[in-house]
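Worksheet for the structure shown next.
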Amino acid sequence: MSENLTDTGRKPGGADYSRAPMPNLQPGGNGSLDEENNLNVILDVPVVMSMEIGRTSISIRNLLQLTQGSVIELDRLAGEPLDVLVNGTLVAHGEVVVVNEKFGIRLTDVISPADRVKRLR
């Protein structure tokens, strides 16, 4: 439902209104500056990065029977690269390294952006 406004800035009943200021938007312009500003908006957004060494499926019955010392067989061979996931999406493969007595991962293959988009579908 829209109200009719007169050219004088008054509603037909006599109430005043004011127009919201609108920036002068023009197509084109300095594309690289706009792209840089758009990228800067998301640079500080946190994402969850995880490494996956393998997966398996087991029944709830077998899950409840697990105890300390139980061994779970995964779907990967020893020595195969790990998957590097960002927010659950595969972005790279890598191998485990030790850096200052902490685990790390050395990227051995980074998935191209085009392939990442294909995997999302």
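The values are calculated or read from the model by the stated rules, or taken from the named source; none is laboratory data. Remember, it's a predicted structure, so these values are computed and weren't measured experimentally. A quick note on method: Cβ atoms are made from the backbone with ideal geometry, for glycine too, and the neighbour counts reach across all protein chains shown.
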Just give me the residues in the stretch 70-110 being in a loop (DSSP other than H, G, I, E, B) and within 15 Å of the chain's Cα centre (by Cα), in sequence order.
87, 88
Using the structure shown, decide if residue 107 is out of contact with any Ser or Thr (no Cβ under 9 Å at 6 or more places or on another chain), closer than 18 Å to residue 47 by Cβ and surrounded by 10 or more Cβ atoms within 10 Å (Cβ to Cβ).
yes
At pLDDT 90 or above and among the acidic types (Asp, Glu), is that true of residue 52?
yes
Go over the candidates 4, 24, 37 one by one and state the one that is modelled with pLDDT under 75, under 23 Å from the mean Cα position of the chain (by Cα) and of a type outside the set (Asp, Glu).
37
From the options 66, 90, residue that is surrounded by 10 or more Cβ atoms within 10 Å (Cβ to Cβ), on the phi < 0 side of the Ramachandran plot and modelled with pLDDT of 95 or more:
66
